[in-house]
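None of the figures in this text is laboratory data; all of them are computed from the coordinates on show. For clarity, every value in this text was computed on a predicted model and none was experimentally measured. Positions of Cβ are generated from backbone atoms using ideal geometry, with glycine treated the same way; all protein chains shown enter the neighbour counts.
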There are 2 protein chains.
Amino acid sequence: MPDSAIRPRKEFGKTIAADITHRLREEIIACALAPNEPLRFDVLRERFGASFTTLREALTALAAEGLVDAQEQRGFRVAPVSRQDLIEVTDARVLVEVELIRRSIERGDDDWEIAVISTLHRLKRIEQRDPEHPLRDPEWKIAHRQFHEALVSACGSATLLAIRAELFDRAERYRHLSANFRPRPRDKAGEHQAIMQAAISRNADLAVQLIESHIRSTADNVATYAAHLLDTE
Amino acid sequence: MPDSAIRPRKEFGKTIAADITHRLREEIIACALAPNEPLRFDVLRERFGASFTTLREALTALAAEGLVDAQEQRGFRVAPVSRQDLIEVTDARVLVEVELIRRSIERGDDDWEIAVISTLHRLKRIEQRDPEHPLRDPEWKIAHRQFHEALVSACGSATLLAIRAELFDRAERYRHLSANFRPRPRDKAGEHQAIMQAAISRNADLAVQLIESHIRSTADNVATYAAHLLDTE
DNA sequence: AACGGTATGATTTTCGAAAATATGGCCTGG
DNA sequence: CCAGGCCATATTTTCGAAAATCATACCGTT
């Protein structure tokens, strides 16, 4: 049969709702939809070509993830940003990520080591090929995410990994927020390399320390260069 | 005007969807809807008197909370239980709760102390009045939840509190799971009292230690008395 | 002119029908 | 008798219209 007769437009998941959830999440994280921006159904309907209820389902899911703010009877909007929220997300990330790194270093097997090494390798390749601002490169974003995921992938707790993933998304939105105003990326390549080495050599204390300062210094960077976007009243 | 003319049936939130989310969550936590039970729309439609899309929205939200399992194109079901999941939830709770207790003890003011003391007082009152199995008493459940919430309420992080609340719900479902098979509740009153005293006297290390064993021993209890429900294959 | 209430338009929220998809039984060929 | 494909039925998923709710401008009264 002809495969693309009408094509009920599904790219990510199997359901349209899951697909739209995915696309909306990406756009919010990338700040293509700005913080606080109202998410009106007319607009979304035209933009994503789905019906009210399907969109509503996607927005509800994102509200549970903390990327969307649901105001009952008054619609949805992109979750606001604030210095306080940035601090909370950063602290929570440190708490969780530190625990997961420790567990992964303790439990990780050969496959884990291979995953850490190879994801870092790919990340470095992309950085060499294209040394400009990495956050604008979708490939870099994916590789970066996969490296950090690989680091904690051997922790053994799907529950904590899910929490970690949500916090990572929320933090990435802040990184995008400041990306346009940051002068130059600092030496992330070196930091990633050091973290990898500490992890592979099973030096948990060092890895934890490096991860924590990696997370915190990134957040500090955001806080300074996106200050004008965070202190709004 | 006549207030209950037709009454569009809204008890909890302002929207029907939020109300149904709330009611469904309660029933799942209380195991009125058993783990793994399929959540078919016909049945839910009759039970909650809402339409497909409204129910779908509620189920999607609960899926994001980890209480419902969404199988694309094959509907929803109550999230399964397992020994592994119980361990993960318990470990995650310890990680988060310990951190929040520390912060609350450090930052808590007079109002915090009052909240901790008064919520414990109410809890003890209810336990005296009705010393049988407390999980069957909705008032005890609320009071118990409020005491534990009060303990961490001064932590200063809405983000971590939200994560904590989700984990608390998931753990409470396991407690209900074993409630019917547990011979007698152990001395929770004493444990709560000790935790309160450690917190109020700002003995963080002791409070942390007590909370951790409180959480872990409850989980151990569940693991033993609900063993036949956890080791299914 | 200021205030309060009301009508109007805009927007969200809910509904049940219709389309899409999965499930289970049946039939055929080996 | 079993395996594999096909049709019928059950169930989920999506849609756009209709109801409910909110926001705003208007009008009359003080």
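Based solely on C-alpha atoms, express the radius of gyration and the Dmax of region A:143-233 in angstrom.
14.5, 48
Could you work out the mean count of beta carbons from other protein chains within 10 Å of each residue's beta carbon in B:148-161?
Details: counts 0, 0, 0, 0, 0, 0, 0, 1, 4, 8, 4, 13, 6, 1.
Per residue, the average neighbour count from other chains is 3.
How many partner chain Cβ atoms sit within 10 Å of a residue's Cβ in peptide B:57-66, on average, as a whole number? Don't jump to the answer; show the numbers that get you there.
Values: counts 8, 2, 2, 11, 6, 1, 3, 10, 1, 5.
The mean count of partner-chain Cβ atoms within 10 Å per residue comes to 5.
I'd like the mean, over residues of B:98-104, of how many other protein chain beta carbons sit within 10 Å of each residue's own Cβ. Display every interim value, and only then the final one.
On the way: counts 1, 5, 1, 0, 0, 1, 0.
Neighbouring Cβ atoms belonging to other protein chains average 1 per residue here.
Treat every Asp and Glu Cβ in region A:99-167 as -1 and every Lys and Arg Cβ as +1, leave all other atoms uncharged, and give the resulting dipole magnitude about the Cα centre to the nearest 20 debye. Write down the numbers at each step before the final one.
On the way: 11 positive and 13 negative charges, 29 e Å.
Around 140 debye, computed over region A:99-167.
Over what distance in Å are the Cα centres of region B:141-217 and region A:68-135 separated?
Measuring centre to centre over Cα atoms gives 29 Å.
Could you list B:Phe52, A:Phe76, A:Phe48 so that the one with the fewest beta carbons within 10 Å of its beta carbon is first and the one with the most is last?
Working: B:Phe52 12, A:Phe76 22, A:Phe48 18.
Ordered from fewest to most neighbouring Cβ atoms within 10 Å, B:Phe52, A:Phe76, A:Phe48 come out as B:Phe52, A:Phe48, A:Phe76.
Might you report the magnitude of the Cβ-based charge dipole of chain A about its Cα centre, with Lys and Arg at +1 and Asp and Glu at -1, to the nearest 20 debye?
Approximately 500 debye in magnitude.
Hey, what did region B:16-78 get for relative contact order, percent, Cα under 8 Å, at least 6 apart?
Numbers: 64 pairs, mean separation 26.5, N = 63.
Reported relative contact order: 42 percent.
Work out the charge dipole of chain A with +1 on the Cβ of Lys and Arg and -1 on the Cβ of Asp and Glu about the Cα centre, then indicate which of A:Ala207, A:Ile105, A:His148 is farthest towards its positive end.
Farthest along the dipole direction, towards plus: A:His148.
Calculate for the protein assembly as shown the 222 nm mean residue ellipticity that helices alone would give, adding -39,500 (n - 2.57) per DSSP H run of length 4 or more and normalising by residue count, nearest 500 deg cm²/dmol. If you can, show how the numbers build up before the last one.
Working: 20 runs with 314 residues, N = 466.
Rounded to the nearest 500, it is -22500 deg cm²/dmol.
Got a sec? Charge dipole of region B:16-78, +1 on Cβ for Lys and Arg, -1 for Asp and Glu; which of B:Val68, B:Ala18, B:Leu55 is way out at the positive end?
Comparing the listed Cα positions along the dipole, B:Leu55 ranks first.
Defining the label point at 7 Å along Cα→Cβ, can you sort the distances from A:Gln197 to the same site in each other copy, shortest first, in nm?
For A:Gln197, the other copies' label points sit at 5.3 nm, shortest first.
Which number do you get for Rg(Cα) / (2.2 N^0.38 Å) in region A:83-230? Can you show the working numbers first?
Working: Rg = 14.7 Å, N = 148, 2.2 N^0.38 = 14.7 Å.
In units of the 2.2 N^0.38 Å rule of thumb, it is 1.00.
Percent relative contact order of chain B, based on C-alpha pairs within less than 8 angstrom and at least six residues apart? Walk me through the intermediate numbers first.
Numbers: 238 pairs, mean separation 53.8, N = 233.
Computed over chain B, the figure is 23 percent.
Please sort by residue number the trypsin sites (Lys or Arg not before Pro) in region A:151-233 whose DSSP state is loop and whose Cβ has at most 12 other Cβ atoms within 10 Å. Walk me through the numbers on the way to the answer.
On the way: sites: A:Arg164, A:Arg170, A:Arg173, A:Arg175, A:Arg186, A:Lys188, A:Arg202, A:Arg216; in loops: A:Arg186, A:Arg202.
Counting only loop positions with at most 12 other Cβ atoms within 10 Å, the trypsin sites (Lys or Arg not before Pro) in region A:151-233 are A:Arg186, A:Arg202.
Report the number of Lys pairs in the protein assembly as shown whose alpha-carbons are under 26 Å apart, with separation of 8 or more residues or on distinct chains.
Pairs that pass both the separation and distance tests number 10.
Determine, for A:Cys155, A:Cys31, the number of other Cβ atoms within 10 Å of each Cβ, and report the residues in order from fewest to most. The partial results should precede the final answer.
On the way: A:Cys155 24, A:Cys31 21.
Taking fewest neighbouring Cβ atoms as first place, the list is A:Cys31, A:Cys155.
Going by how many other Cβ atoms sit within 10 Å of their own, how do A:His133, A:His22 line up, fewest first?
Working: A:His133 13, A:His22 16.
Arranged by neighbour count, lowest to highest, A:His133, A:His22 become A:His133, A:His22.
Give, rounded to the nearest 20 debye, the magnitude of the charge dipole that the protein assembly as shown has about its Cα centre when Lys and Arg contribute +1 at Cβ and Asp and Glu contribute -1 at Cβ.
On the way: 68 positive and 76 negative charges, 171 e Å.
That gives the protein assembly as shown a dipole magnitude of about 820 debye.
Would you list the P(r) distribution for the protein assembly as shown, with all Cα-Cα distances sorted into 20 Å bins from 0 and each bin expressed as a whole %?
21, 55, 24, 1
Run through the other copies and list how far each one's label point is from that of B:Ser51, in nm with one decimal, shortest first; the point sits 7 Å from Cα along Cα-Cβ.
Label-point distances to the other copies, shortest first: 0.9 nm.
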